[in-house]
1. Can you compute 3J(HN,Hα) from phi for each residue in the stretch 63-75, using the Karplus curve 6.51 cos²θ - 1.76 cosθ + 1.60 with θ = phi - 60°, rounded to whole Hz and x for Gly and Pro?
2. With 25 Å as the limit, write out which pairs from Lys94/Lys141; Lys49/Lys124; Lys49/Lys72; Lys61/Lys94; Lys49/Lys141 have Cα-Cα distances beyond it, or answer none.
3. Counting other beta carbons within 10 Å of each residue's own, what order do Thr110, Thr47 fall into, fewest first?
4. In whole Hz, what ³J(HN,Hα) sequence does the stretch 125-130 give by Karplus (6.51, -1.76, 1.60; θ = phi - 60°), x for Gly and Pro?
Amino acid sequence: MKTPFVFALAVGASLSFATVVPSALAQGQQQQQAQDQADQEKEASPTDKAAFLNARIAALKAVLALTPEQEKLWGPLETAIRDAHKDSTERAQKMHMAPEPSTVFELLDTVADHEIARAQALKKFVAAAQPLVASLTPEQKRRIPAFLGLGESDRGPNSGELWIFEEEED
């Protein structure tokens, strides 16, 4: 007598499972599609990114509270920031469009090229900043590292978080 009841219970559970699983899978797919669309909408447009860069440059200038004499030295630094950011964006786009490396050595070669280009951009930024930085007070100089995102790690200074290069981090 127990066998038909157990059999009926098993059939009922199977039928219930068969209707719940596809529904749950469809719901999961809908949720993933909604999340993908939300992620795409969160992606900043080129206009948004330009506005963010303009705001950061303006904020850096405001944080430094430049004197009229220092103001004269600001232009080359701003140009260097914009150039570095533009180059960073171009490198990031190039990397996203490039085919996947087929070997670890192709990957390492790509990483090396990327780091060389980033180092050259950083050198240009530093060279452009030198005249202005030389004119800053110690108080003004203290404001720069944290504002730019230059942090200390256990292994020393790290440029990985500089917002000038943030396009490469995506």
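Throughout, read-outs are computed from the coordinates displayed, never taken from laboratory work. What you are looking at is a predicted structure, and each value in this text was computed from that prediction instead of being measured. When we count neighbours, we look across all protein chains shown, and the Cβ atoms used for this are built from the backbone with ideal geometry, even at glycine.
1. Taking θ as phi minus 60°, the curve returns 4, 6, 6, 5, 7, x, 5, 5, 4, 5, 9, 6, x Hz for the stretch 63-75.
2. Pairs exceeding 25 Å: Lys94/Lys141; Lys49/Lys72; Lys61/Lys94; Lys49/Lys141.
3. With the fewest neighbours first, Thr110, Thr47 line up as Thr47, Thr110.
4. 4, 4, 4, 5, 7, 3
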